[in-house]
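Contents: one structure, followed by commentary.
The values are calculated or read from the model by the stated rules, or taken from the named source; none is laboratory data. Every value quoted in this text rests on a predicted model; they were computed, and no experiment measured them. Glycine gets a Cβ as well: all are built from the backbone with ideal geometry, and neighbour counts include every protein chain shown.
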Amino acid sequence: MAVISVIGTGYVGLVTGTCLSDMGNQVTCIDIVEEKIEKLNNGILPIYEPGLEEMVERNVAAGRLHFTTSYAEGLKNAEFIFIAVNTPPSSVAGGADMRFVESAARMIAEELDHYAIIINKSTVPVGSGDIVSRIVRNNLKRPDVTFSVVSNPEFLREGDAIKDFQNPDRVVLGSSERDAAEKVARLYLPLRATIMITDIYTAEMIKYASNAFLATKISFINEIAQICERLGADVKEVANGMGYDRRIGRDFLDAGLGYGGSCFPKDVRALAHMADEAGLHPQMLHAVMEINHDQRRLVVNKLTDILGSLRGCVIGILGLAFKPNTDDMREAPSLDIIRWVTAQGATVRAYDPVARETAVEAMKLHSISLDNVTFCETAYDVAEGSDALVLVTHWNEFKSLNMQRIRESMRRPILIDGRNMYEPSEMTNCGFIYRGMGRGS
Ligand code: UGA
């Protein structure tokens with residue numbers, strides 16, 4: 001059993017802290033936002049993540065998981081201190097804002113009164129481990145105290161975060177002190193995962209390179225999808241055929257609306273920025289971003305191809321979150337699509353199983369007028385009187401909709417399947433004018 005502190009109670013911090021406590025460790029999660037901690041102490045989670053609420057409840061009840069706003073209390077006797085604060089995009093185009101990581105490092109320095117290993121889980125520009133080290137060293141309240149810094153990038157997917165924590169493909173640890181990295185490795189031993197120990201720069205780079213590679217796979221298949229559409233091939237079958245080749249793999253070859261969320265867009269931009277700063281011109285990363293942006297436009301183009309002008313049209317949006325099983329609206333394609341179709345004079349009816357509140361907040365944040373958007377209680381309500389339906393997020397519940405009923409309640413039977421969720425022939429037989437993404441139609 002280890003004594004662990006986790007700074008930051010966002011996705012990464014809360015999932016990491018809760019899963020580590022579930023493995024029998026004593027964990028205290030620290031966050032400076034009082035409201036968040038108060039809610040957590042009352043069993044209310046700041047995020048939607050399947051299975052997390054029950055796990056938090058279980059470990060709090062067992063006395064292994066605590067929440068506090070006090071660094072003094074949270075760092076007491078901690079052998080391991082995880083920094084899991086967010087690194088939002090900075091005002092410098094493409095850069096990563098290190099403010100929260102830096103202030104966490106300063107707070108640690110002010111309270112630390114014993115040796116501890118500081119582990120960075122936040123996605124930070126390559127070289128940030130040195131910055132954390134320097135900040136802690138320069139601000140130590142007790143200069144006799146020693147510490148080590150280890151980079152331990154996270155590879156959790158929202159919506160699958162617990163599963164990903166418990167069954168990682170690999171655990172990456174980077175440090176200039178092998179002993180410290182090995183101690184952190186022991187925390188993960190019960191997971192029986194491949195553990196890789198390397199230097200800190202390389203560990204930080206592995207995170208960016210992994211996300212950028214996955215984003216590249218997505219943009220690649222989206223480009224192929226466009227070619228398929230022109231040449232009459234079906235990109236879903238193409239991806240399946242490619243995926244049987246083990247060197248390629250089927251994962252992350254789903255063509256659609258491109259990647260959103262808090263990670264891929266930010267990390268690809270940040271990596272390109274780091275490369276630009278280093279005097280390079282990372283052509284592929286720039287192409288990946290460009291294709292991703294254009295992908296969302298295609299949906300609006302498909303609508304105008306069929307409807308002509310969108311003025312006065314009612315566009316139904318199925319799904320708002322950037323992907324299923326989350327209420328996260330960061331860089332969600334739905335935001336751009338709603339902005340573009342309302343700018344062309346359409347009104348929107350939208351439904352998402354969990355992201356309604358976060359969608360309203362996101363729209364306000366991005367100055368998208370709520371006047372022309374009606375939030376509905378079900379997918380069937382969305383369809384009522386719509387001129388076209390756009391499937392934006394492939395929530396499971398949309399798979400089993402009664403499509404006959406949907407079509408009958410629409411003003412015009414147009415279905416744009418932004419995630420290739422439905423079978424084109426079935427939808428056409430059902431009477432829809434169906435358009436997928438790269439499916440030869
Ligand atoms: C991603 C990575 O998968 C995690 O390994 C990483 O830890 C995380 O970023 C992070 O850096 O924190 P996440 O953003 O939660 O996780 O979501 P993914 O499931 O990877 O999906 C990312 C985006 O790609 C979504 O918008 C999804 O719709 C899109 N996508 C994914 C596709 O368009 N096609 C695909 O085939 C797969």
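Checking the condition within 23 Å of A355 (Cβ to Cβ) and within 16 Å of the ligand (Cβ to nearest atom), which residue from L14, L40, L45 passes?
Numbers: L40 fails: within 16 Å of the ligand (Cβ to nearest atom); L45 fails: within 16 Å of the ligand (Cβ to nearest atom).
So the residue among L14, L40, L45 that is within 23 Å of A355 (Cβ to Cβ) and within 16 Å of the ligand (Cβ to nearest atom) is L14.
Condition first: of a type outside the set (V, I, T), in a helix (DSSP H, G or I) and away from the ligand (no atom under 16 Å from the Cβ). Can you find one or more residues in segment 196-207 that meet it?
There is at least one residue in segment 196-207 that is of a type outside the set (V, I, T), in a helix (DSSP H, G or I) and away from the ligand (no atom under 16 Å from the Cβ).
Go through (1) surrounded by fewer than 17 Cβ atoms within 10 Å (Cβ to Cβ); (2) assigned by TED's automatic domain parsing to the domain that holds T18 for S175 and report which single condition fails.
S175 satisfies every listed condition except (1).
Which one of R134, R170, R142 is within 12 Å of the ligand (Cβ to nearest atom) and surrounded by fewer than 15 Cβ atoms within 10 Å (Cβ to Cβ)?
R170
It is to be established whether one or more residues within segment 243-264 are at pLDDT 95 or above, in a helix (DSSP H, G or I), surrounded by fewer than 21 Cβ atoms within 10 Å (Cβ to Cβ) and in the same structural domain as G418 (by TED's automatic domain parsing).
Within segment 243-264, one or more residues are at pLDDT 95 or above, in a helix (DSSP H, G or I), surrounded by fewer than 21 Cβ atoms within 10 Å (Cβ to Cβ) and in the same structural domain as G418 (by TED's automatic domain parsing).
Are any residues in segment 214-263 touching a residue at least 40 places away in the same chain (Cβ under 8 Å), farther than 29 Å from L335 by Cα and either within 12 Å of the ligand (Cβ to nearest atom) or touching a Ser or Thr at 6+ places or on another chain (Cβ under 9 Å) (or both), and if so, which ones?
Answer for segment 214-263, where residues must be touching a residue at least 40 places away in the same chain (Cβ under 8 Å), farther than 29 Å from L335 by Cα and either within 12 Å of the ligand (Cβ to nearest atom) or touching a Ser or Thr at 6+ places or on another chain (Cβ under 9 Å) (or both): just G232.
Report whether or not S210 is of a type in the set (S, T, N, Q) and in a loop (DSSP other than H, G, I, E, B).
no
If you take the residues in segment 308-325 that are within 16 Å of the ligand (Cβ to nearest atom) and assigned to a strand (DSSP E or B), which one is surrounded by the fewest Cβ atoms within 10 Å (Cβ to Cβ)?
If we take residues in segment 308-325 being within 16 Å of the ligand (Cβ to nearest atom) and assigned to a strand (DSSP E or B), then I317 is surrounded by the fewest Cβ atoms within 10 Å (Cβ to Cβ).
Among the residues of segment 20-63, how many are over 24 Å from the mean Cα position of the chain (by Cα) and assigned to a loop (DSSP other than H, G, I, E, B)?
6
Of the residues that sit in segment 64-75 and are assigned to a loop (DSSP other than H, G, I, E, B) and within 21 Å of E35 (Cα to Cα), which one is farthest from the chain's Cα centre (by Cα)? Lay out the reasoning, then the answer.
Of segment 64-75, the ones assigned to a loop (DSSP other than H, G, I, E, B) are 64, 69-70.
Cutting the leftovers down to within 21 Å of E35 (Cα to Cα) gives us 69-70.
Details: T69: 25, S70: 28 Å.
The residue in question is S70.
Here's a check for you: in segment 82-95, which residue that is among the aliphatic types (A, V, I, L, M) and at pLDDT 80 or above is surrounded by the fewest Cβ atoms within 10 Å (Cβ to Cβ)? Please lay out each step first, then the result.
Filtering segment 82-95 down to residues among the aliphatic types (A, V, I, L, M) leaves 83-85, 92-93.
Subset that is at pLDDT 80 or above: 83-85.
Working: I83: 25, A84: 28, V85: 28.
Among them, the one singled out is I83.
Name the pairs: first residue in segment 409-427 and farther than 16 Å from G316 by Cα, second residue part of a helix (DSSP H, G or I) and more than 16 Å from the ligand (Cβ to nearest atom), Cβ to Cβ under 8 Å, at least 6 apart or on different chains?
Y422/M403; E426/M403; M427/M403
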